[in-house]
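The values are calculated or read from the model by the stated rules, or taken from the named source; none is laboratory data. What you are looking at is a predicted structure, and each value in this text was computed from that prediction instead of being measured. Cβ sites come from the backbone with ideal geometry, for glycine too, and all protein chains shown count toward neighbours. Side chains are part of the model used for accessible areas, which takes the heavy atoms of the whole protein and leaves out ligands, DNA and RNA. Shrake-Rupley method; radii C 1.70, N 1.55, O 1.52, S 1.80 Å.
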Amino acid sequence: MAAATIPSIIITLLPTSKTVTFVATIDACIINPQFKTAATLLTWLMFAFLLAAFCMLFMGTKCAHNEHVGVALAWLILGLATGFNTYVMYVKPMYPASLVLRLCLVSANQGSVLAAWWAVMGRAVYNCRFRYHVHLVEWRLASKAAQSAGT
């Protein structure tokens with residue numbers, strides 16, 4: 001969570017000419033190229049660091065309910081969304097002037113966050129909502145098996 005505030009602090013402390021400038025005539029913001037590169041690099045570094053940290057956490061964990069599959073799918077979805085954002089920023093540098101591209105970016109970001117959440121939580125929500133008693137028995141059995149396996 002603290003890593004996500006770093007770009008906000010940087011934008012606040014630096015002058016707008018070095019970060020992002022609002023241009024009223026086109027009703028959009030123009031990003032300084034050096035700042036865009038630094039922000040993109042920081043985003044990918046945070047993504048790689050967090051992915052490595054989660055992999056290290058899951059490495060020795062025995063998953064009784066296949067949680068690692070949902071988490072891997074969520075990371076894939078978020079990686080694709082980050083890649084799409086990077087692609088649009090560098091291949092379509094005038095995307096702020098296009099309402100369609102801005103809506104595509106916002107929709108892709110919102111959709112990827114929702115899809116990542118459902119990738120992790122969807123099975124549990126479905127089982128708790130529609131198969132509560134059967135799922136409770138399965139969950140207890142899987143938890144006991146995982147505990148007896150040495151988790």
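Annotation note: of H133, H68, the sole residue that is of a type outside the set (D, E), open to solvent by 50 Å² or more (accessible area, probe 1.4 Å) and within 23 Å of C55 (Cα to Cα) is H68.
Identify the residue in the range 17-53 that is hydroxyl-bearing (S, T, Y) and either surrounded by 13 or more Cβ atoms within 10 Å (Cβ to Cβ) or outside any helix (DSSP H, G or I) (or both) and, among all such residues, is nearest to the chain's Cα centre (by Cα). Explain how you work it out, then say what you get.
So in the range 17-53, the residues hydroxyl-bearing (S, T, Y) come out as 17, 19, 21, 25, 37, 40, 43.
Within this subset, residues satisfying the condition of being either surrounded by 13 or more Cβ atoms within 10 Å (Cβ to Cβ) or outside any helix (DSSP H, G or I) (or both) are 19, 21, 25, 37, 40, 43.
Numbers: T19: 23, T21: 26, T25: 33, T37: 19, T40: 14, T43: 10 Å.
Checking each candidate, the answer is T43.
When L76 is tested against (1) out of contact with any strand residue (DSSP E or B) (no Cβ under 7 Å at 6 or more places or on another chain); (2) open to solvent by 40 Å² or more (accessible area, probe 1.4 Å); (3) modelled with pLDDT under 90, exactly one condition is not met: (3).
Considering the range 92-119, and only residues there that are polar (S, T, N, Q) and in a helix (DSSP H, G or I), the residue that is farthest from the chain's Cα centre (by Cα) turns out to be S107.
Just to be sure before I move on: is G122 of a type in the set (G, A, S), in a helix (DSSP H, G or I), open to solvent by less than 90 Å² (accessible area, probe 1.4 Å) and at pLDDT 90 or above in the structure I sent? Against the criterion (of a type in the set (G, A, S), in a helix (DSSP H, G or I), open to solvent by less than 90 Å² (accessible area, probe 1.4 Å) and at pLDDT 90 or above), G122 does not qualify. From the list R102, R140, which one is exposed (fewer than 15 other Cβ atoms within 10 Å of the Cβ) and modelled with pLDDT under 85? Every option except R140 fails the conditions.
Residue under question is G83, and the condition is that it be on the phi > 0 side of the Ramachandran plot and either within 22 Å of the chain's Cα centre (by Cα) or at pLDDT below 85 (or both); does it hold? First the steps, then the outcome.
Working: on the phi > 0 side of the Ramachandran plot: no; either within 22 Å of the chain's Cα centre (by Cα) or at pLDDT below 85 (or both): yes.
For G83, the condition - on the phi > 0 side of the Ramachandran plot and either within 22 Å of the chain's Cα centre (by Cα) or at pLDDT below 85 (or both) - is not met.
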